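Reviewing the structure listed below.
The values are calculated or read from the model by the stated rules, or taken from the named source; none is laboratory data. What you see is a predicted model, and the numbers here were worked out from it, not measured in a lab. All Cβ positions, glycine included, derive from the backbone under ideal geometry; neighbour counts span all protein chains shown.
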Amino acid sequence: MIDQITVFLENDKGRLAALCRTLGDAGISMHALTVADTAQYGVARIIADTPARAYEVLNEKGFRASLTKVFAIEVPDSAGGLATLLEALGAAGINVEYAYCFAVDGGKAIDVLRVDNHDNAEQVITAAGFRVAQPSELYA
Amino acid sequence: MGKNSAHQVAGPELYFQPEIEKMGRLELEALQLERLKKTVQVCYEQIPFYRQALDAAGIKPADVQSLADLTRLPFTTKQDMRDAYPFNLFAIPATDERVQRLHASSGTTGNATVCGYTQNDIDVWGDTFARAIAQVGGGANSMLQVSYGYGLFTGGLGAHEGGIRIHATILPMSSGNTKRQVQMMKDFDVDILCCTPSYALLIADTAIEMGYDPANDFNVTGAILGAEPCSEGMRTEIEEKLGVKMVDIYGLSEVMGPGVSCECRYQNGLHVAEDHFIIEILNPDTLEPVPDGEWGEVVFTTLSKECSPLIRYRTRDISRIIPGECECGRTLRRMDRITGRTDDMLIIRGVNVFPNQFQEVLAGFSEVTSYYQIILTSDGPMDKVTLRVETVPEFDFDEIRKIEDLQRRINAELKSNLQVSVDVLVSEPKSIERSEGKAKRVLDNRDKS
């Protein structure tokens, strides 16, 4: 599993920019960013280099950041690929809290999943024919 | 060891005046009406302020024919009392032989308010305080330590009069010299302590510092504490450290002093001495009565006071009537502990709300810190309330539904406690103002019309 940085943001002007600037100034490179927003606030989910350091830097600068363990799964570029994975998880009684995709070097797609039950998720994913990516493949 | 029983609600209920404390409501209301008529009559005849006020309201004393007529009578405010400084609200001249004593409020924010007491006024006061002494198990064989200040302040002498009426032995310590308080409490086998909650705690801590375990080593089993707010946590601490049953007593120098209302052993509201005072709870905006159970301004009318009677005195204290009957068997209705002053009150969509009610609700949620801010804005003609809270560092906000679930639960709890719908806004850490002194908890940005 990999470390995702989650940041709670109030819907105030410039907060997302300030977040990105803070990471940039610390020399931390981002690989993926997704923002879930509600009327009042947003939750930014980030895959970046040196997540532990990113977490420290953000909290020092007054952001509400946390580290979350998520699965990064290599998904083949073919019709129904992701559906097969999700069906396998569903059949095993594992719910997906959220998911998003990003591309890595070589044109491969990585699907990030947070699931409600980690215990046998990796087994289920592997048994369905998918490969779980390791931290070293995704960030420094 | 034998003191543990002091913490339990058990055994016979102890009354000082059972014929009044357990009087049927109809009989009590008849007594109130009879005394109200007399009070209005005396006010009209003896006090020019009231004659003018009643004339202006178009009411003659003879018009008071039922307790419902009370609502037609004019109010008395703290300012009226200040303006009457020193003796213009007295029904009997201050130096008349019938007047025995004067008490006065501190007057830190204006003229002091002064009240006179005849011997009967003092006896009535003593009786109401004695009811509290009986409720904590005290009686004629008690050793009563009075550690309220003696003087113009009503605490010391009010407790003292209670001791006289119940024939206890009184130790008039007044406040201060805490080590000596502890020593005498121990050496004289004091069983009942009367003082402020904070002083009771200081006495307990001083005793412990002196090497005693007052909960077990001392004979003290009852504490009658008042004149300042006391949280449930503080009550528990006092009860455990001293090994006492504590009852909260309420009173104001303008109305009488401690004893206007007092808790019984069940500690669920303060029984009002309704034979001597009529309590009303009013919406401070409309000055109309609110139903039992709803919060509002406490208004008292005195029924027995001879020297300084008051008609509908607005205390600015906020409380409510606790509906239903008390397990103790007393028929005297209960008021809740004072939650604040009208000066702090917010009126939101016509509902009276106090900032500390928000605090109490939030204290039940381990997910949020103790910092909060209430923001009032206008949404058309409606008031909109936003409550900003901060989550604790351990809170997992990665799943949005957990934040939304938290908001929903806080909202539901506020709605059921305050009858007000609130938008709960989870805020970034440390974005809510911290303050050494009084934090600005309320931002009222409503359109002023």
Next on the checklist: Condition (residue is among the charged types (D, E, K, R), within 14 Å of chain B (Cβ to nearest Cβ) and within 22 Å of A:ARG15 (Cα to Cα)) applied to segment A:62-81: is it met by at least one residue?
Outcome noted: yes
Checklist entry - Which ones in segment A:123-138 are within 30 Å of A:ILE28 (Cα to Cα), part of a loop (DSSP other than H, G, I, E, B) and of a type outside the set (A, V, I, L, M)? => result A:PHE130, A:GLN134
Next on the checklist: It is to be established whether one or more residues within segment B:300-318 are free of Cβ contacts under 8 Å to residues at least 60 places away in the same chain, in contact with an Asp or Glu (Cβ under 9 Å, 6 or more places away or on another chain), in a strand (DSSP E or B) and crowded, with 20+ Cβ neighbours inside 10 Å.
Outcome noted: yes
Checklist entry - So how many residues does segment A:5-38 have that are more than 13 Å from chain B (Cβ to nearest Cβ), touching a residue at least 24 places away in the same chain (Cβ under 8 Å) and among the aliphatic types (A, V, I, L, M)? => result 4
Item to check | Candidate set: segment A:71-84, residues that are under 17 Å from the mean Cα position of the chain (by Cα) and not charged (D, E, K, R); chosen: the one surrounded by the fewest Cβ atoms within 10 Å (Cβ to Cβ) | outcome: A:VAL75
Checklist entry - For segment A:87-98, does any single residue satisfy the condition of being away from chain B (no Cβ under 14 Å), of a type in the set (Val, Ile, Thr) and either touching a residue at least 60 places away in the same chain (Cβ under 8 Å) or loosely packed, with under 13 Cβ neighbours inside 10 Å (or both)? => result no
Checklist entry - How many residues does segment B:196-217 contain that are surrounded by fewer than 24 Cβ atoms within 10 Å (Cβ to Cβ) and hydrophobic (A, V, I, L, M, F, W, C)? => result 5
Checklist entry - Of the residues that make up segment B:61-72, is at least one of a type outside the set (Lys, Arg), in a loop (DSSP other than H, G, I, E, B) and in contact (Cβ under 8 Å) with a residue 40 or more places away in the chain? => result no
Item to check | Scan of segment B:218-239 for residues that are at pLDDT 95 or above and of a type in the set (Asp, Glu), ordered by number | outcome: B:GLU239
Checklist outcome for this item: All-but-one check, A:TYR41 against (1) within 14 Å of chain B (Cβ to nearest Cβ); (2) in contact (Cβ under 8 Å) with a residue 60 or more places away in the chain, failing number (2)
Item to check | Residues (in a helix (DSSP H, G or I) and among the polar types (S, T, N, Q)) located in segment B:202-235 | outcome: B:THR206, B:ASN216
Checklist entry - When you look at A:ASP105, is it within 14 Å of chain B (Cβ to nearest Cβ) and surrounded by fewer than 16 Cβ atoms within 10 Å (Cβ to Cβ), yes or no? => result no
Checklist entry - When you go through A:ARG53, A:ARG45 one by one, which is the residue that is crowded, with 18+ Cβ neighbours inside 10 Å and of a type in the set (Lys, Arg)? => result A:ARG45
Checklist outcome for this item: In segment A:44-60, anything in contact (Cβ under 8 Å) with a residue 40 or more places away in the chain and more than 9 Å from every other protein chain (Cβ to nearest Cβ) is listed as A:ILE46, A:ILE47, A:ALA48, A:ASP49, A:THR50, A:PRO51, A:ALA52, A:ALA54, A:TYR55, A:LEU58
Item to check | strands (runs of 3 or more DSSP E) (entirely within segment B:336-449) containing at least 2 residues that are within 14 Å of chain A (Cβ to nearest Cβ), over 25 Å from B:LEU282 (Cα atoms) and modelled with pLDDT under 85 | outcome: B:368-379
